[in-house]
1. Quick one: which of Leu292, Leu257 is more than 18 Å from Met67 (Cβ to Cβ) and part of a helix (DSSP H, G or I)?
2. Quick one: in region 262-291, which of the residues that are touching a Leu at 6+ places or on another chain (Cβ under 7 Å) and hydrophobic (A, V, I, L, M, F, W, C) is farthest from Ala97 (Cα to Cα)?
3. Exactly one condition in (1) away from the ligand (no atom under 13 Å from the Cβ); (2) under 24 Å from Arg196 (Cα atoms) is false for Cys114; which is it?
4. Give me the pairs, please: first residue somewhere in region 1-15 and on the phi > 0 side of the Ramachandran plot and in contact (Cβ under 8 Å) with a residue 60 or more places away in the chain, second residue anywhere and in a strand (DSSP E or B) and surrounded by 15 or more Cβ atoms within 10 Å (Cβ to Cβ), beta-carbon distance under 6 Å, and either six or more positions apart or on two chains.
5. Might you let me know whether region 182-192 holds any residue that is charged (D, E, K, R), outside any loop (DSSP other than H, G, I, E, B), more than 14 Å from the ligand (Cβ to nearest atom) and at pLDDT 95 or above?
6. Can you spot a residue in region 54-61 that is touching a strand residue (DSSP E or B) at 6+ places or on another chain (Cβ under 8 Å) and over 20 Å from Asn101 (Cα atoms)?
7. Is it true that some residue in region 10-20 is within 11 Å of the ligand (Cβ to nearest atom), buried (at least 20 other Cβ atoms within 10 Å of the Cβ), within 16 Å of the chain's Cα centre (by Cα) and not in a loop (DSSP other than H, G, I, E, B)?
8. So, in region 265-301, exactly how many residues are among the charged types (D, E, K, R) and within 15 Å of the ligand (Cβ to nearest atom)?
Amino acid sequence: MKQVNMQVNLAGVSLKNPVVVASGTFGFGREFSQFYDISQLGGISVKGLTLHPREGNPPPRIAETPMGILNSVGLQNPGVDGFIEHELPWLKEQDLAIIANISGNTPEEYGVMCEKLSRAGVDMIEVNVSCPNVKAGGMQYGVVPEMAAEVTAQAKAHASVPVMVKLSPNVTSIADMAKAVEAAGADAISLINTIRGMRIDVNTRRPVLHMNTGGLSGPAVLPVAVRMVWECAQAVNIPILGLGGISTGEDAAQMMLAGAAAVAVGTACFADPYAPLKVRDGLADIARRQGLSSVTELTGGVLPW
Ligand SMILES: Cc1cc2nc3c(=O)[nH]c(=O)nc-3n(C[C@H](O)[C@H](O)[C@H](O)COP(=O)(O)O)c2cc1C
């Protein structure tokens, strides 16, 4: 049977296959490298980095839900300098695209981190304007188009590698957010981040999460993510990294047909560390069965009724 070319290009960054692992669900890759060689992946989006180290939110900060999880981890990370010193050298020895995911308290902080990370040699920067679990920064920039644009412009002014902006689904019009960051110079967009949710323990009458609310991810959010990627693909011309609820090759194919150039696997990695490889193989199978020579032929291929 014919081999399918799995290589894709995401805003100038070459990925050996379209499967990236999502920020916050794969750490910095070391734990997963005990299971397999992570160079088999297209790329890794590392745990969200902040200018200074953060301990994150108090527990409980993860709760199960039907077909997903709620989390309020709150950007626990070693800070951008800690990442550059202790994690990046090892990651650079692996053969996959390194995407640095960042969150700032101010637009200026995003700029400082972009400068440091570009100099340190990451392949791409993913600007998180969409974390629902921190009080300052993060999502406040992700729900107002002008603020998302301001952060994007700062990042672009200080980065010498492509900048991808990660959008929040917690908005009325995701297409308007996509258009705003494209106009501000974003090289790509990624979506979706988690959807705000809440669970309550009926016996204690307390919210299950210490922070009361958290972000919903996992299979439950896939249809929302596919819909949002499809809407953004019609609104902008920059490439899209599609994520949210992907755990099979078919899920990934849906995301690409909706318009994604590449996909990311997140929560599925918790249940099965091999999920990203299974998604890659499943995607290749679908492309082969459909007689495609390149997986890129799936992107935007959804047909109208
Ligand atoms: C425990 C956890 C931590 C996360 N941390 C981050 C983060 O630091 N930065 C970020 O941009 N997204 C973060 N996310 C969001 C994921 O990258 C992804 O956008 C979301 O979970 C939807 O994809 P999924 O359903 O495949 O997990 C986190 C998600 C989870 C579940």
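The values are calculated or read from the model by the stated rules, or taken from the named source; none is laboratory data. Since this is a predicted model, take the numbers as computed values, not measurements. Note that each Cβ is placed from the backbone with ideal geometry, even for glycine, and that neighbours are counted across all protein chains shown.
1. Working: Leu292 fails: part of a helix (DSSP H, G or I).
The match here is Leu257.
2. The initial filter retains those residues of region 262-291 that are touching a Leu at 6+ places or on another chain (Cβ under 7 Å), namely 262-264, 266, 276, 287.
Right, trim to hydrophobic (A, V, I, L, M, F, W, C) and you get 262-264, 287.
On the way: Ala262: 12, Val263: 13, Ala264: 13, Ala287: 23 Å.
The extreme case among them is Ala287.
3. With (1) away from the ligand (no atom under 13 Å from the Cβ); (2) under 24 Å from Arg196 (Cα atoms) applied to Cys114, the lone miss is (2).
4. Matching pairs, first to second residue: Ala11/Ala188.
5. Keep residues of region 182-192 that are charged (D, E, K, R), which gives 182, 187.
Add one more test, that the residue is outside any loop (DSSP other than H, G, I, E, B), and what stays is 182.
Among the residues that remain, those that are also more than 14 Å from the ligand (Cβ to nearest atom) are: 182.
Narrowing the set further to residues that are at pLDDT 95 or above leaves 182.
Yes, because at least one residue in region 182-192 is charged (D, E, K, R), outside any loop (DSSP other than H, G, I, E, B), more than 14 Å from the ligand (Cβ to nearest atom) and at pLDDT 95 or above.
6. The answer is yes, given that some residue of region 54-61 is touching a strand residue (DSSP E or B) at 6+ places or on another chain (Cβ under 8 Å) and over 20 Å from Asn101 (Cα atoms).
7. So far as region 10-20 goes, yes, one or more of its residues are within 11 Å of the ligand (Cβ to nearest atom), buried (at least 20 other Cβ atoms within 10 Å of the Cβ), within 16 Å of the chain's Cα centre (by Cα) and not in a loop (DSSP other than H, G, I, E, B).
8. Restricting attention to region 265-301, the residues satisfying the condition of being among the charged types (D, E, K, R) are 272, 278, 280-281, 285, 288-289, 297.
Subset that is within 15 Å of the ligand (Cβ to nearest atom): 272, 278, 280.
The qualifying residues number 3.
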